[in-house]
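> Here it is, the structure in full.
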There are 2 protein chains.
Amino acid sequence: MKKNITIDDVAKYAGVSRQTVSRAINNMNGISEKTRQRVLATIEELGYRPSRLARGMASNQSKTIGLVIGNILNPAHSEVIRGLETMAQTVGYNVFIRTTNYVRDAEIETINALISENVDGIVLSSTHLDLQTVASFADKNLPIVVVHRNMSAPNLTSITTDIERATQSLIEYLIGSGHRKVGLLTRPGDQENIFHVKGYKKGFQSLGLEVNSNWIMQASNTNLEAAHRTTKQLVTRNPDLTAIVAYNDMMAIAAMHACRDMGLNVPDDISVIGYDDISVAAHVFPALTTLRIPSFEIGQLAMEQLLEMIKTPDIIYPPTLLDIELVLRGSTKSRQIAALSH
Amino acid sequence: MKKNITIDDVAKYAGVSRQTVSRAINNMNGISEKTRQRVLATIEELGYRPSRLARGMASNQSKTIGLVIGNILNPAHSEVIRGLETMAQTVGYNVFIRTTNYVRDAEIETINALISENVDGIVLSSTHLDLQTVASFADKNLPIVVVHRNMSAPNLTSITTDIERATQSLIEYLIGSGHRKVGLLTRPGDQENIFHVKGYKKGFQSLGLEVNSNWIMQASNTNLEAAHRTTKQLVTRNPDLTAIVAYNDMMAIAAMHACRDMGLNVPDDISVIGYDDISVAAHVFPALTTLRIPSFEIGQLAMEQLLEMIKTPDIIYPPTLLDIELVLRGSTKSRQIAALSH
DNA sequence: AAAGTTTGCGTGAGCGCTCACGTAGTTTAG
DNA sequence: CTAAACTACGTGAGCGCTCACGCAAACTTT
């Protein structure tokens, strides 16, 4: 058992006071350059590492933030985590990751738990909570960054993409390229609260077309099996669909699989579109057309914003809106003029 | 700013001493059932949550463990993390995740950093470090569980699968089903240290066949682009391969893509096999034949073992070896007798 | 040259817990 | 009926830091 070297050991060894060592490691002033060098040298020599726990206790800053996320299996989520963690590591912060399986109450409980664990801030991914509830948690001592949802309040900001508008554009694009009957494979939940659904409907409406509610189908879960099953139902119910817009790339891959199972060729019989542009999207067959969400960047920016808010609280930081880009690949095909004349 | 309720507040309110409150929340004895109930009631009433930091300071147990992993992008790794975290959450432990990009020195530095952050234990995934180095970190105050590598020492154990043996069996199976020229798409590193390569060679040797070193190709990286590129080179160099064994499912998917790009049909012209059985493997086209690694279970067991070691140190815990199962899907096809007569 | 200002350092307190004791009151053993 | 052994609490110390001071020495200013 290695004895732990404390700040007092360093102080004694360097012949200075505890506080002077503290000044050296925290780059505070009130210490001469000469002393600082000497202290840093002894720190190096003794292999001293300050205790995160003690620091947290004394300063009321744990250098830890919490991430509350539905699940971590989707590679797009992993990208967000990676962005967050990359940023966090460079500034010496830790991340507690907590999964909620998208259960609302679990989110609240998790946030409370994180507070009691003295986190300095929280990143909430795709929360189900409303602005008021989230804002009630946000505090000068607990800034919150919400990801994938647009929110703003004191000590609360967000990093988002405009899924609704991007989906509307996508629908307009699909219709413009000859599609008429476009299915939507989406997640469970109240349709009024799903940007994916709202944008889909707006797309049709903006072109003066009717939306057939049979074309919208919500999987019971965002996993691949549910997506596969639901796509089969969707296609069975609407055999004349020429395109399916999935909720994300993972579900889109399962949707393509389901189409194959139903004897449909992608993209000749039916086009499939996903969201995220996860790394496999370009490698599956057919390669998946997708709306690229900059997940890594979202994670990075979330951490950056959170750090800003920790440093300077009580300011209202404007939400960040990142662009979504349509990446055309082999899973989509335009319909010929014949269809347009219809 | 909500004032933090401390243990002293609870003590005062319940009319007992600090220590009695501590006894109540930690289920220690030396407290009557009646008092315990009363204390727990006031805790509930005041909404008291003990500070993880203070607890850690006082007890020298931070209830936090560290995970050192190469990257988190592979869904198989996410599964390990999920298993670890699921287990951790049920016992109130936190996990610090640190990525190293598979750099050896980063591993050492990361372990040191985690130690200074007072973690109670460490899980090392696919480490490059040798037994001696890892064992030198392991300590009664810092048990270590190594995942995907077989190691054992005091306060050090491992959860693994026998990749070498499974690969050998796979090769034997492939040859048994008529394949003769089997390519290996593997990761960078010294071939002597890659179980994947060792098992591959053993498979041929056990059947008295020559291994052609041209059939082995190491991607410069484990990402999809490198796998795609390397597969093309592998196929170009050996146009007569009838099967490719990839390092994992992600790389196998990229390999299938590369084969298509080269005008080869999978599985008619060439079979492709991966490892892990990640969730998309069953949904890509053709569905991927793979050696299933129980990643979630590995994560769970790693956490369980670590908790055991934290509770009862200085015992040698035997390594755990989990089974690998061959999952046959559409990406493989046996070669006909014609090939066997060769 | 006296007074004010800055610079460089040290000291005590305390963050919120747990640990190792101490001490009454109660039960058990001989 | 008394000594020994619990049971149910309370008390002081301390984990390793930072914060808010305090206080000399050096450096300006008028």
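> Calculate the FRET efficiency for A:ASN26 and B:GLU172 from the Cβ-Cβ distance with a Förster distance of 35 Å, rounded to the nearest 0.05. It would help to have the intermediate numbers written out before the result.
Details: r = 61 Å, r/R0 = 1.74.
Once the sixth-power term is evaluated, E becomes 0.05.
> Report the full-extension gain for the segment B:LYS232 to B:SER206: residue separation times 0.36 nm, less the Cα-Cα distance, to one decimal in nm. Don't jump to the answer; show the numbers that get you there.
Working: separation 26, 0.36 × 26 = 9.36 nm, distance 2.86 nm.
Result: 6.5 nm gained on full extension.
> Just to be sure I understand the interface: list residues from the stretch A:82-97 that lose 10 Å² or more of accessible area between the chain on its own and the complete protein assembly, 1.4 Å probe.
At a threshold of 10 Å² (probe 1.4 Å), the residues of the stretch A:82-97 that become less exposed are A:ARG82, A:GLU85, A:GLN89, A:ASN94, A:VAL95, A:PHE96, A:ILE97.
> Considering only the other residues whose Cβ falls under 15 Å of the Cβ of B:THR230, what net charge follows from Lys and Arg at +1 and Asp and Glu at -1?
Working: positive: B:ARG187, B:ARG229, B:LYS232, B:ARG237; negative: B:GLU225, B:ASP261.
Neighbourhood net charge equals +2.
> List the residues whose amide H sits under 5 Å from the amide H of B:GLY183, counting only those 5 or more places along or on another chain, with H placed 1.01 Å from N in the peptide plane.
Sorted by chain and number, the residues that satisfy this are B:THR242, B:ALA243, B:ILE244, B:VAL245.
> I need the phi-derived Karplus couplings for the stretch A:327-335: 6.51 cos²θ - 1.76 cosθ + 1.60, θ = phi - 60°, integer Hz, Gly and Pro marked x.
These are the phi-based 3J(HN,Hα) values: 10, 7, 9, x, 7, 10, 8, 7, 8 Hz.
> In nm², what is the average projected area of the convex hull enclosing the Cα atoms of the stretch B:163-293?
Working: hull surface 27.7 nm².
Seen from a random direction, the Cα hull of the stretch B:163-293 projects 6.9 nm² on average.
> Another question, then. If packing is taken as the average number of other Cβ atoms within 10 Å across a peptide's residues, how do A:78-84, B:30-36, A:107-113 rank, most packed first?
Working: A:78-84: 25.0, B:30-36: 12.0, A:107-113: 19.1.
Most protected by this proxy first, the peptides run A:78-84, A:107-113, B:30-36.
> Still on this model: Compute the Cα gyration tensor for the protein assembly as shown, then decide on rounded, prolate or oblate, letting a ≥ b ≥ c be the square roots of its eigenvalues: rounded whenever a/c is under 1.5, prolate when a/b is larger than b/c in the other cases, and oblate in all that remain. Present the calculation step by step, with values, prior to reporting the outcome.
Details: a/c = 2.07, a/b = 1.31, b/c = 1.58.
Oblate shape, in that a/c is at least 1.5 and b/c is the bigger or equal ratio.
> If you don't mind, another one. Considering amide H positions built from the backbone, and no H for Pro or chain starts, which residues 5 or more places from B:ILE159, or on another chain, come under 5 Å of its amide H?
The list, which skips near neighbours in sequence, is B:VAL146, B:VAL147, B:HIS148, B:ARG149, B:THR320.
> Could you list the square roots of 5 times each eigenvalue of the Cα gyration tensor of chain B, that is, the equivalent ellipsoid semi-axes, sorted largest first and rounded to whole Å? Before the final figure, lay out the partial values.
Details: eigenvalues 512, 75, 57 Å².
Equivalent-ellipsoid dimensions as semi-axes: 51, 19, 17 Å.
> For B:ASP139, what residues show an amide H to amide H distance below 5 Å, using hydrogens built from the backbone and excluding near sequence neighbours?
Placed amide hydrogens put B:ILE144 under 5 Å from B:ASP139.
> What number comes out for accessible area per residue over the protein assembly as shown if the probe is 1.4 Å? Units Å², please.
Numbers: 29420 Å² over 684 residues.
Roughly 43 Å² per residue, with all protein chains present.
> Separate question: With each pseudo-label sitting 7 Å past Cα toward Cβ, what's the B:ALA58-B:LEU328 distance in nm, one decimal?
Result for the modelled spin labels: 6.2 nm.
> Counting protein heavy atoms only and a 1.4 angstrom probe, how many square angstrom of accessible surface do chains A and B bury in total, to the nearest 100?
Values: alone 17070 and 17110 Å², together 29420 Å².
Summing both sides, the interface buries roughly 4800 Å².
> If I compute solvent accessible area with a 1.4 Å probe over the protein chains, what percent of it on the protein assembly as shown is carbon and sulfur? Mind dumping the intermediate values first?
Working: 14800 of 29420 Å².
In the protein assembly as shown, the share of accessible area belonging to carbon and sulfur is 50 percent.
> Please build a GNM for chain B, connecting alpha carbons under 10 Å apart, and tell me which residue among B:LYS311, B:LYS140, B:LYS63 fluctuates the most.
Greatest mean-square fluctuation among the candidates belongs to B:LYS311.
> Just to be sure I understand: of the beta bridges DSSP finds with both ends in the protein assembly as shown, what percent are antiparallel, rounded to 5? If you can, show how the numbers build up before the last one.
On the way: 11 of 79 bridges.
Roughly 15 percent of the DSSP beta bridges within the protein assembly as shown come out antiparallel.
> Which ³J(HN,Hα) values in Hz, rounded to whole numbers, follow from the phi angles of the stretch A:262-277 under the Karplus curve 6.51 cos²θ - 1.76 cosθ + 1.60, where θ = phi - 60° and Gly and Pro get x?
8, x, 9, 8, 9, x, 4, 8, 8, 9, 10, 10, x, 9, 3, 6
> Let's test the formula: R0 of 45 Å, r as the Cβ-Cβ distance of B:ASN214 and A:GLU308. What FRET efficiency results, to the nearest 0.05?
On the way: r = 54 Å, r/R0 = 1.21.
That gives a FRET efficiency of 0.25.
> Using 0.36 nm times the number of residues separating A:ASP261 and A:LYS181, minus their current alpha carbon distance, what extension gain do you get? Working shown, then result.
Values: separation 80, 0.36 × 80 = 28.80 nm, distance 2.01 nm.
Contour length minus Cα-Cα distance gives 26.8 nm.
> Scaled to the compact-protein estimate 2.2 N^0.38 Å, what is the alpha-carbon radius of gyration of the stretch B:100-206, rounded to two decimal places?
So the stretch B:100-206 has a normalised radius of gyration of 1.31.
> Something else now. Over the stretch A:224-306, what relative contact order in percent results from Cα pairs under 8 Å that are six or more residues apart?
26 percent
> If you average 1/r over all unlike Cα pairs in the stretch B:280-334 and invert the result, what Kirkwood radius do you get in angstrom? Please report the intermediate quantities before stating the final value.
Working: mean 1/r = 0.0727 Å⁻¹.
This gives a value of 13.8 Å.
> Of all the Cα-Cα pairs you can form in the stretch A:20-148, what percent are over 16 Å apart?
Details: 5608 of 8256 pairs.
So the portion of pairs separated by more than 16 Å is 68 percent.
> Would you tally the net charge around A:GLY274, using a Cβ to Cβ cut-off of less than 14 Å, leaving A:GLY274 out, and scoring K and R as +1, D and E as -1?
Details: positive: A:ARG187, A:ARG292, A:ARG329; negative: A:ASP249, A:ASP276, A:ASP277, A:GLU325.
Spelling it out: positives minus negatives among the neighbours equals -1.
> Using only DSSP helix segments of four residues or longer, with each worth -39500 (n - 2.57), what per-residue ellipticity at 222 nm results for chain B after dividing by its residue count and rounding to 500? Could the numbers behind the result be given before it?
On the way: 13 runs with 148 residues, N = 342.
Per the formula, -13000 deg cm²/dmol.
> Turning to a different aspect of this structure: Sort the following peptides by mean Cβ neighbour count (other Cβ atoms within 10 Å, averaged over residues), highest first: A:167-178, A:271-282.
For the peptides A:167-178, A:271-282, the packing ranking is A:271-282, A:167-178.
> Once you keep just the Cα pairs under 8 angstrom separated by 6 or more residues, what percentage relative contact order results for chain A?
18 percent
> To one decimal in nm, how far is B:GLY208 from the same spot in the other copies, if labels go 7 Å from Cα toward Cβ? Please give the shortest first.
Spacings between copies for this position, smallest first, are 8.1 nm.
> Moving on. As an exercise, use a Förster radius of 25 Å and the Cβ-Cβ distance of A:ARG49 and B:ARG104 to find the FRET efficiency, rounded to the nearest 0.05. Let's see the in-between values first.
On the way: r = 21 Å, r/R0 = 0.82.
After rounding, the FRET efficiency stands at 0.75.
> If I take every Cα pair under 8 Å that is 6 or more residues apart in the stretch B:7-50, average their sequence separation and divide by the length, what percent do I get for the relative contact order? Could you put the intermediate results ahead of the total?
On the way: 35 pairs, mean separation 18.1, N = 44.
Relative contact order for the stretch B:7-50 comes out at 41 percent.
> Next question, about the same structure. Please report the base-10 log of the normalised intensity I(q)/I(0) for the stretch A:7-50, using a Debye sum with one equal scatterer per alpha carbon and no solvent, at each q in 0.20, 0.21, 0.29, 0.31 (1/Å).
-0.48, -0.53, -1.05, -1.21
> Got a number for the accessible area of A:HIS148? Probe 1.4 Å, square angstrom, nearest 10.
Roughly 60 Å² of A:HIS148 is accessible to a 1.4 Å probe.
The values are calculated or read from the model by the stated rules, or taken from the named source; none is laboratory data. The structure presented is a predicted model; accordingly, all values stated were derived computationally and were not measured. Backbone-built Cβ (ideal geometry, glycine too); neighbour counts: all protein chains shown. What goes into the accessible areas is simple: the full protein's heavy atoms, side chains included, and nothing from ligands, DNA or RNA. Shrake-Rupley method; radii C 1.70, N 1.55, O 1.52, S 1.80 Å.
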